[in-house]
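Notes to accompany the following structure.
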Amino acid sequence: MMKNLTARQYIGLSLLFVLFGFALSVSWLSPYTIEQQDLAMTLLPPDSAHWLGTDHFGRDMATRLASAIALSFSLSLLCVITSSVLGVALGVCSAWAGGRVEQALDVLVNILLALPGLVMVLLLAAIAPGSFLVLYLAISLVQWVEYYRVTRVITRTKINSPERQLSAMMGFGKWYQFKRHIWPAILPSVLTMAAFGGANAILMMASLGFVAVGIQPPLAELGLMSVELFPFYIEAPWVLAQPLVVVALLVLGFHLLAGTGDDPINSID
């Protein structure tokens, strides 16, 4: 798999590894906790004691950024796994079964597509502000639809292919047919959508932090940190820049990892 990566994908993967390594190393080495305050040391510039300075409560920025990055990676990974497994499974079942099964799933998908994804996540997250579980379920509920639509289109094509029909006539079971003919066809698109889905999950969580219905204090979250530090953009611009730059780098890394866009995602009618 690694040998097939393009240069831009290597850059994206390297960028994500650097951010993940930063989160791990700081979490292990930092003597501070994310909620530890020192009001006598507010908005300090970076120094030997606080590598990235302190915020308006005197909390160590490096420690809080590391925790926020780990939280973002955790959410994006959980959302990608859940939405991809659900979307691929339902997409294959829909195309293979057809009939009422496909019609029922199409109705469900159309209902979910009636509202913009971020609006739906915002509505669900507002029910239980600060709940990581609700946020994870809301984002996964929105993202599985794209996996479903792409998988259904590709599966329907492969089911009617001579190769798959020959395997069926030779007596091979559906699981073999899926592994041999369908999964290799949908895998590139699934990987591309997974990379974009990871970036979108991070952006959604940050967006909810901007409107104060996402992760709540004392947890560190990139969107919430940006809102809290915005009033100090003149006094300590380096502090405000840090969570914004990290969000941009996370999203850039996932987008570069998504590849060149040659996968047949845009073939959906």
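The values are calculated or read from the model by the stated rules, or taken from the named source; none is laboratory data. Everything numeric in this text was worked out from a predicted model, so none of it was measured. So basically every Cβ, Gly included, is an ideal-geometry build from the backbone, and we count neighbours across all protein chains shown. Remember, those area values only see protein heavy atoms, side chains included, never the ligands or the DNA or RNA. Shrake-Rupley method; radii C 1.70, N 1.55, O 1.52, S 1.80 Å.
Assorted remarks:
- Binning all Cα-Cα separations of the chain at 5 Å, short to long from zero, yields these whole-percent fractions: 1, 6, 11, 14, 15, 14, 11, 9, 7, 5, 3, 2, 1, 1, 0, 0.
- Size of the range 80-216 as Cα extents on the principal axes (Å, biggest first): 58, 28, 19
- Helix 61-97 and the longest principal axis of the Cα set of the chain meet at an angle near 10°.
- For HIS56, solvent-accessible area (1.4 Å; no DNA, RNA or ligand), Å²: 40
- Charge tally around VAL109: other residues with Cβ under 11 Å, Lys/Arg +1 each, Asp/Glu -1 each, net -1.
- Å³ per residue enclosed by the Cα convex hull of the range 99-180: 116
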